[in-house]
């Protein structure tokens, strides 16, 4: 009989938040900036922490992406998504 994996409460909370975010992304309900902000919040990071530890960009660049400003490179956006095993692509947006 396989061992059951014990999930800690904070881990369960993280998984629930992550799955809810994935669902919104898959349904096309979030802008790119909102998706990046959601990923950062699920990880429990500030903009500075997310920029330094995940995307290798400045806090200002994270803020610009989250607010739909600036003109980030595709590689920068993919760096933001890599912690969730995702990459930037096209989806049909719900009207």
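All of the numbers you see were taken from the coordinates with simple rules; none came from a lab. All of these numbers come straight from a predicted model, not from anything done at the bench. Cβ sites come from the backbone with ideal geometry, for glycine too, and all protein chains shown count toward neighbours.
Between residues in segment 62-80 that are at negative phi and touching a residue at least 40 places away in the same chain (Cβ under 8 Å) and residues that are crowded, with 17+ Cβ neighbours inside 10 Å and in a helix (DSSP H, G or I), which pairs lie under 6 Å by C-beta distance while being six or more apart or on different chains?
80/36; 80/55
Exactly one condition in (1) touching a helix residue (DSSP H, G or I) at 6+ places or on another chain (Cβ under 6 Å); (2) part of a helix (DSSP H, G or I) is not met by residue 64; state its number.
Only one criterion is unmet by residue 64, namely (1).
Looking at 48, 76, can you tell me which residue is within 24 Å of residue 10 (Cα to Cα), touching a helix residue (DSSP H, G or I) at 6+ places or on another chain (Cβ under 9 Å) and part of a helix (DSSP H, G or I)?
Matching residue, one of 48, 76: 48.
Give the number of residues within segment 46-62 that are surrounded by 14 or more Cβ atoms within 10 Å (Cβ to Cβ), under 21 Å from residue 17 (Cβ atoms) and over 11 Å from the mean Cα position of the chain (by Cα).
Total satisfying the criteria: 4.
Pick out the one residue from 87, 41 that is within 11 Å of the chain's Cα centre (by Cα) and part of a loop (DSSP other than H, G, I, E, B).
After ruling out the rest, the residue left standing is 87.
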